[in-house]
1. Of all residues in segment 91-108, which are hydrophobic (A, V, I, L, M, F, W, C) and over 26 Å from the mean Cα position of the chain (by Cα)?
2. Working carefully through the options C180, C100, find the one that is part of a strand (DSSP E or B) and surrounded by fewer than 16 Cβ atoms within 10 Å (Cβ to Cβ).
3. Do you know which of the residues in segment 57-97 that are in contact with a Cys (Cβ under 9 Å, 6 or more places away or on another chain) and over 21 Å from T211 (Cα atoms) is surrounded by the fewest Cβ atoms within 10 Å (Cβ to Cβ)?
4. Can we say E196 is more than 17 Å from K74 (Cα to Cα), in contact (Cβ under 8 Å) with a residue 12 or more places away in the chain, more than 21 Å from the chain's Cα centre (by Cα) and surrounded by 17 or more Cβ atoms within 10 Å (Cβ to Cβ)?
5. Taking segment 153-167, which residues are near the ligand (Cβ under 6 Å from one of its atoms) and at negative phi?
6. Can you spot a residue in segment 160-171 that is hydroxyl-bearing (S, T, Y), in contact with a strand residue (DSSP E or B) (Cβ under 8 Å, 6 or more places away or on another chain) and within 25 Å of K16 (Cβ to Cβ)?
7. Restricting to segment 1-10, count the residues that are out of contact with any Leu (no Cβ under 6 Å at 6 or more places or on another chain) and surrounded by 13 or more Cβ atoms within 10 Å (Cβ to Cβ).
8. Applying the selection to segment 148-174, what residues are out of contact with any Pro (no Cβ under 8 Å at 6 or more places or on another chain), outside any loop (DSSP other than H, G, I, E, B) and within 15 Å of R96 (Cβ to Cβ)?
Amino acid sequence: MEYITFALAKGRMAKKTLEIFEQIGITCEEMKDEKTRKLIFTNEELKLRFFLAKANDVPTYVEYGAADIGIVGKDTILEEGRRLYEVVDLGIGKCRMCVCGPESAREVLTHHELIRVATKYPNIAKDYFYNRKHQTVEIIKLNGSIELAPIVGLSEVIVDIVETGSTLRENGLTVLEEICPLSARMVVNQVSMKMEQERIQKIIVALREATRIEGRIV
Ligand code: PRP
């Protein structure tokens, strides 16, 4: 039997993902050791392998088949635009992709003015403004603390993730438009889906069931 390899996005979501995996009998004891410097972990009994990667790289590993399955946020899936199958919404890491800014910027969004939009997600921003709103904008790519941009005058608005909304509130900004809801998704390599159909399908069914039950409790 071949290994099935999982790429998990590093960080908060990886921990929650492993908890859901445990519920469906997919365990990996060596991965729980937070001090370990190991990069790849195996469950020999189930012939499974796991590794943690930067979220942006997860779709790349999956598209090229270096991982059969990936667990990653919908934001990253949309931004990377890789060829893969998105099969399960795990219902964790729920947040929203939004256009945000000071209340005073609401006006410029309705007038189709040429405004500057700062974001870590240029593809999502481009798609939203060009294809959905038909508004020409200048998109400025930043790598973090996006909320700074309208405060210091780099851009009129930002496209960013909003979870609790407290970063916006504490900086005098607000949600101006909602682009889409986000959460963690399971993605599958297109060839693996055919070659390992039975084993992967079992995981999909179990995960769907586990997240459905989880959803009911929440
Ligand atoms: C994300 C996002 C917002 C913040 C939203 O940033 O970019 O800044 O979380 O969360 P909230 O609505 O609960 O305040 P992250 O912490 O990932 O860091 P970053 O600024 O480096 O992107």
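1. A105, V108
2. Details: C100 fails: surrounded by fewer than 16 Cβ atoms within 10 Å (Cβ to Cβ).
Among C180, C100, only C180 is part of a strand (DSSP E or B) and surrounded by fewer than 16 Cβ atoms within 10 Å (Cβ to Cβ).
3. Restricting attention to segment 57-97, the residues satisfying the condition of being in contact with a Cys (Cβ under 9 Å, 6 or more places away or on another chain) are 73-75, 78, 96-97.
Filter once more, so that each one left must be over 21 Å from T211 (Cα atoms): 78, 97.
On the way: L78: 19, M97: 24.
Among those residues, the one meeting the criterion is L78.
4. On the way: more than 17 Å from K74 (Cα to Cα): yes; in contact (Cβ under 8 Å) with a residue 12 or more places away in the chain: yes; more than 21 Å from the chain's Cα centre (by Cα): yes; surrounded by 17 or more Cβ atoms within 10 Å (Cβ to Cβ): yes.
The answer is yes for E196.
5. D160, I161, V162, E163, T164, S166, T167 - these are the residues of segment 153-167 that are near the ligand (Cβ under 6 Å from one of its atoms) and at negative phi.
6. Within segment 160-171, the first condition is being hydroxyl-bearing (S, T, Y), and the residues that meet it are 164, 166-167.
Imposing the further condition that a residue be in contact with a strand residue (DSSP E or B) (Cβ under 8 Å, 6 or more places away or on another chain) reduces the set to none.
No, segment 160-171 contains no residue that is hydroxyl-bearing (S, T, Y), in contact with a strand residue (DSSP E or B) (Cβ under 8 Å, 6 or more places away or on another chain) and within 25 Å of K16 (Cβ to Cβ).
7. If we filter segment 1-10 for residues that are out of contact with any Leu (no Cβ under 6 Å at 6 or more places or on another chain), which is where we start, we get 1-3, 5-7, 9.
Now drop any that are not surrounded by 13 or more Cβ atoms within 10 Å (Cβ to Cβ), which leaves 3, 5-7, 9.
Qualifying residue count, segment 1-10: 5.
8. V159, D160, I161, V162, S166, T167, L168, R169
All of the numbers you see were taken from the coordinates with simple rules; none came from a lab. A quick note: this is a predicted structure, and the numbers were derived from the prediction, not measured. When we count neighbours, we look across all protein chains shown, and the Cβ atoms used for this are built from the backbone with ideal geometry, even at glycine.
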